[in-house]
Amino acid sequence: MLRDWLDADLPHMPGLFDAPDIAANTDIPSPFDADAFLVRIRRRRAQGIVDLAVTRDDGEPRGLVALHVASGVLGYAIGPAHRGRGLASRSLRLMTTFCHEELGFTRLRLSIVQGNVPSQRVAESAGYVRGDDDVVERTNGLGQPKLLETWHWIAPVTSG
């Protein structure tokens, strides 16, 4: 399930996002500050970027998925304790389907740090393919440069 972030999620956030690989592979800053992150999530919403909590039936957050509405770029991060259960793949597929069926996107993109094999596997499992685009350099959550590959999802052609 995907939902908006709540003030009640603050105690869960450090366990999800204060991890070396999260900072290395995303723009989530380290050291992690949950209060500042929740403010960031709300500020990004006003900028057309939607960050949603990934949850299960109990409602406890286990990670996030994000959509930059104007560009169709998605992102995701699952807390270390919740990995290996297919949450990232299911969340990305759910968000991809929503973006296509409800928002009308026919193309979506991911930016994945070169060498991040687990994230590449998530992308592949959700129907994304590595693009031939140039690699782009951005800064990660540690303030270090990272090289990003672009992955694409293209809506299936329907006959009709």
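The values are calculated or read from the model by the stated rules, or taken from the named source; none is laboratory data. In this text, all values refer to a predicted model and were calculated from it rather than measured experimentally. All Cβ positions, even for glycine, are placed from backbone atoms using ideal geometry, and neighbour counts span all protein chains on display.
Remarks
- Qualifying residue in the stretch 86-97 (condition: under 19 Å from P20 (Cα atoms) and at pLDDT 95 or above): yes
- Number of positions in the stretch 1-43 that are over 20 Å from V113 (Cα atoms), out of contact with any strand residue (DSSP E or B) (no Cβ under 8 Å at 6 or more places or on another chain) and assigned to a helix (DSSP H, G or I): 15
Listed here are the residues, each with its yes/no results for (1) over 19 Å from R121 (Cβ atoms); (2) in contact with a helix residue (DSSP H, G or I) (Cβ under 6 Å, 6 or more places away or on another chain); (3) of a type in the set (S, T, N, Q); (4) surrounded by 16 or more Cβ atoms within 10 Å (Cβ to Cβ).
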position	(1), (2), (3), (4)
R56	yes, no, no, no
L64	no, no, no, yes
F98	yes, no, no, no
L110	no, yes, no, yes
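- Top-ranked residue of the stretch 79-90 - restricted to ones that are surrounded by 20 or more Cβ atoms within 10 Å (Cβ to Cβ) and without any contact (Cβ under 8 Å) to a residue 60 or more places away in the chain, ranked as nearest to the chain's Cα centre (by Cα): A88
- Qualifying residue in the stretch 129-137 (condition: touching a Leu at 6+ places or on another chain (Cβ under 9 Å), of a type in the set (G, A, S) and free of Cβ contacts under 8 Å to residues at least 60 places away in the same chain): no
- Within the stretch 91-104, no residue that is within 13 Å of T55 (Cα to Cα) sits with its Cβ atom under 8 Å from a residue that is of a type outside the set (A, V, I, L, M) and modelled with pLDDT under 95 at 6+ positions apart or across chains.
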